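Asker: One structure is given below, represented as structure tokens, and several questions about it will come after.
Computed from the coordinates by the stated procedures, all read-outs in this text should not be read as laboratory data. In this text, all values refer to a predicted model and were calculated from it rather than measured experimentally. In this analysis, Cβ positions are derived from the backbone assuming ideal geometry, glycine residues included, and neighbour counts consider all displayed protein chains.
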Amino acid sequence: MRFADIIGQHSLKRTLAENIDRGRISHAQLFTGKAGAGTLPLALAYAQYLNCTNRHDGDSCGVCPSCRQMSELAHPDLHLVFPVNKQGKKSGEVILSSDFMPLWREVVGSTGGYFTREYWNDRLDLGKTLQGIISTKEADEIIRRLSFKSFESEYKIVIIWQAESMNEEAANKILKILEEPWEKTIFLLVAEHSDRLLKTIYSRTQEVAVPLLDIASLEGVAQSIADPVQRQNMARLAGGDLIEMRRLAMGEEDAVRSESFDLFCRLMRLSYNDKHLELIEWADEVATLSREQQRAMLLHSARLLRESYMLHAGLGSISYLWGEEAAFCNKFAPFIGNQNVEFILGEIETAMRQITQNGNARIIFTHFALAVSKTINRLK
């Protein structure tokens with residue numbers, strides 16, 4: 001993958017290329033940010049640029065043998081690690097990233113490297129309860145591979161996607177390598193939630209903070225939408241996330257938005273009326289959804305809360321709501337203010353984190369619904 005293949009992030013791409021050109025190459029770097037901002041594509045493009053034999057104009061050439069192998073994710077000096085698992089795993093069975101490399105190449109190729117952990121879990125067919133992990137055996141395999149000399153290129157490169165999914169023992173083994181790095185060995189960690197990494201790993205990496213995409217960059221990926229106002233509205237709703245922008249532009253988000261909006265409205269109405277038994281039923285219903293659907297509902301709830309707060313603050317002129325969303329939020333806005341908006345958004349973030357960590361959905365959403373009810377009811 002070349003830097004030119006990545007949407008937006010022009011300043012960051014220049015900085016990464018210039019650092020390599022000047023020999024400022026940290027042996028351990030941590031790309032942090034949302035998947036839809038381009039963390040994985042940037043790590044892949046950095047790796048390709050690092051070993052390209054004909055760099056020019058701040059990018060890899062894309063045609064030398066190294067670049068061709070890198071673009072196919074088949075370079076012998078590029079080691080890819082990502083969370084894996086499988087249903088029906090036997091006791092003691094070892095499952096490694098290499099077992100799923102064909103699927104990984106397919107997913108990266110079809111998405112350009114812009115995909116979420118939930119999407120990857122779905123492609124692994126893990127169901128609602130299993131999650132992919134980076135195991136201790138995976139860390140042992142990394143150490144084994146790195147013990148060999150480079151095959152073709154100057155640098156051996158390890159990219160660990162979703163590095164926060166390493167279990168503690170695996171993380172400690174990787175930490176030992178980061179503390180005593182081998183010469184010409186580069187670790188590129190990619191994480192959406194860097195706070196879940198071991199603090200000692202975080203402290204030994206150079207962070208590359210990947211910002212959300214700007215509206216202009218997002219509008220550029222939706223040229224199939226003829227109406228420029230609609231494109232701009234979509235770009236704002238996407239919140240700097242290319243994955244969300246693609247869903248909006250393709251119309252895939254319509255059904256999800258409708259279901260999430262219905263769940264949000266019911267939650268707020270039940271909370272306002274203090275219907276505790278019905279709130280528990282609401283939580284049970286949400287618990288039956290897939291992790292991706294639960295995540296989408298929470299993200300849409302956060303958006304609608306922020307928009308309602310803007311209406312409450314008299315900033316309706318910059319609110320991007322229409323149709324039934326606008327009708328509901330205009331009525332709901334008086335009940336969202338300084339007293340509760342931060343609390344509810346905090347509960348959404350907590351629920352999102354617990355869902356990602358494979359917590360019990362029924363317990364998570366029961367607590368969430370009752371907590372929201374308490375703060376909405378207070379403003380009646």
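Asker: May I ask for the net charge around residue 109, where only other residues with Cβ less than 13 Å from the Cβ of residue 109 are counted and Lys, Arg are +1 while Asp, Glu are -1?
Answerer: Working: positive: 105, 123; negative: 5, 72, 106.
Neighbour charge sum, excluding residue 109 itself: -1.
Asker: What Rg and what Dmax come out for the chain when only alpha-carbon atoms are used, in angstroms?
Answerer: Just the Cα atoms of the chain yield Rg and Dmax of 22.5, 69 Å.
Asker: Also: For the stretch 252-377, what relative contact order do you get, as a whole percent, if you take Cα pairs closer than 8 Å and at least 6 residues apart? Provide the component values of the computation, followed by the final result.
Answerer: Values: 119 pairs, mean separation 49.4, N = 126.
Worked out over the stretch 252-377, it gives 39 percent.
Asker: From Cα pairs below 8 angstrom and at least 6 apart in sequence, can you work out the relative contact order of the chain, rounded to a whole percent?
Answerer: Taking the mean separation of contacting Cα pairs over the length of the chain, I get 18 percent.
Asker: Still on this structure: Which of the trypsin sites (Lys or Arg not before Pro) found in the stretch 131-238 are in a DSSP loop and have at most 12 neighbouring Cβ atoms, other than their own, within 10 Å?
Answerer: 149
Asker: Further question on the same structure: Alpha carbons only, please: Rg and Dmax for the stretch 128-248, in angstrom.
Answerer: 19.3, 56
Asker: OK, next. Taking 1 over the mean of 1/r across every pair of different Cα atoms in the stretch 3-209, what Kirkwood radius in Å do you get? Intermediate results must be reported in sequence, preceding the final value.
Answerer: Values: mean 1/r = 0.0578 Å⁻¹.
Every distinct Cα pair counted, the radius reaches 17.3 Å.
Asker: How charged is the neighbourhood of residue 267? Take every other residue with its Cβ under 12 Å from the Cβ of residue 267, and add Lys/Arg as +1 and Asp/Glu as -1. Numbers along the way, then the final one.
Answerer: Working: positive: 266, 269, 275; negative: 262, 278, 281, 285, 347.
It works out to a net charge of -2.
Asker: Okay, next question. What trypsin sites (Lys or Arg not before Pro) in the stretch 75-118 are in a loop by DSSP, with at most 16 other Cβ atoms within 10 Å of the Cβ?
Answerer: 86, 89, 90
Asker: Too long at a 30 Å Cα-Cα cut-off: which of 156/199; 34/199; 13/184; 90/156; 89/184?
Answerer: Details: 156/199 25 Å; 34/199 20 Å; 13/184 22 Å; 90/156 33 Å; 89/184 36 Å.
Long pairs (Cα-Cα over 30 Å): 90/156; 89/184.
Asker: Loop only per DSSP, at most 10 neighbouring Cβ atoms within 10 Å: give me the GluC sites (Glu not before Pro) in the stretch 95-195, ordered by residue number.
Answerer: For GluC sites (Glu not before Pro) across the stretch 95-195 that sit outside H, G, I, E and B with at most 10 neighbouring Cβ atoms in 10 Å, the list reads 183.
Asker: Report the one residue of 258, 136, 301 whose Cα lies farthest in the direction of the positive end of the charge dipole of the chain (charges on C-beta: Lys and Arg +1, Asp and Glu -1; origin at the Cα centre).
Answerer: Farthest towards the positive end: 136.
Asker: Using alpha carbon coordinates only, what is the Rg to Rh ratio of the stretch 252-377, with Rh defined as the Kirkwood radius?
Answerer: Working: Rg = 13.7 Å, Rh = 14.6 Å.
Taking Rh as the inverse mean 1/r over Cα pairs, Rg/Rh reads 0.94.
Asker: Right, next: Using only the alpha-carbon atoms, how far is helix 168-179 inclined from the longest principal axis of the chain? Give it as 0 to 90 degrees, nearest 10.
Answerer: So the inclination is approximately 50 degrees.
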